[in-house]
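The values are calculated or read from the model by the stated rules, or taken from the named source; none is laboratory data. Values in this document were obtained by computation on a predicted structure and should not be read as measured data. Cβ placement follows ideal geometry from the backbone for every residue including glycine, while neighbour counts extend to all protein chains displayed. Just so you know, the surface numbers come from the protein's heavy atoms only, side chains and all, with ligands and any DNA or RNA stripped out. Shrake-Rupley method; radii C 1.70, N 1.55, O 1.52, S 1.80 Å.
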Amino acid sequence: MLYGRAGCHLCDDARAVVEAVCAEAGVAWAEVDVDAPDADPALREQYGEYVPVVTVGGVQQGFWRVDARRLARAVARISAARTDLG
């Protein structure tokens with residue numbers, strides 16, 4: 001999950017990393033704009049000063065700058081765990 005906001009250049013950079021890592025791994029991802037009118041105010045409170053924030057399986061993997069290698073490892077771990085369960 002990518003938590004970000006419109007007009008944020010760091011969010012644009014993070015989005016590119018998340019898109020590339022998830023495409024290579026063949027997994028879907030989602031994005032939440034913490035400033036959207038329908039966004040949960042708790043998300044804005046939790047992540048607002050730190051966007052972009054990336055989580056995998058509910059665990060924060062990074063903020064401000066996203067490390068592609070770290071993200072890829074986290075995605076691989078989650079993907080392997082889900083495969084093992086299926």
Inset, instruction - Working only within the range 18-46, note down all residues that are closer than 21 Å to G58 by Cβ, surrounded by 13 or more Cβ atoms within 10 Å (Cβ to Cβ), out of contact with any strand residue (DSSP E or B) (no Cβ under 6 Å at 6 or more places or on another chain) and of a type in the set (D, E). - result: E19, D33
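Counting only residues that are hydroxyl-bearing (S, T, Y) and touching a Lys or Arg at 6+ places or on another chain (Cβ under 8 Å), how many does the range 45-78 have?
Pass one, the range 45-78, residues hydroxyl-bearing (S, T, Y): 47, 50, 55.
If we keep only those that are touching a Lys or Arg at 6+ places or on another chain (Cβ under 8 Å) as well, we get none.
Count: 0.
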Legend entry - Among (1) crowded, with 17+ Cβ neighbours inside 10 Å; (2) touching a Cys at 6+ places or on another chain (Cβ under 8 Å) - the single one R15 does not satisfy: (2)
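Yes/no matrix, rows are residues, columns are (1) of a type in the set (A, V, I, L, M); (2) under 15 Å from R70 (Cα atoms):
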{"position": "L2", "(1), (2)": "yes, yes"}
{"position": "G7", "(1), (2)": "no, no"}
{"position": "A14", "(1), (2)": "yes, yes"}
{"position": "E19", "(1), (2)": "no, yes"}
{"position": "E24", "(1), (2)": "no, yes"}
{"position": "V27", "(1), (2)": "yes, no"}
{"position": "A36", "(1), (2)": "yes, no"}
{"position": "D40", "(1), (2)": "no, no"}
Inset, instruction - Please specify each residue of the range 16-56 satisfying the condition of being over 11 Å from the mean Cα position of the chain (by Cα) and of a type in the set (S, T, Y). - result: Y47, Y50
Legend entry - Residue check, Q61 at negative phi and open to solvent by less than 80 Å² (accessible area, probe 1.4 Å): yes
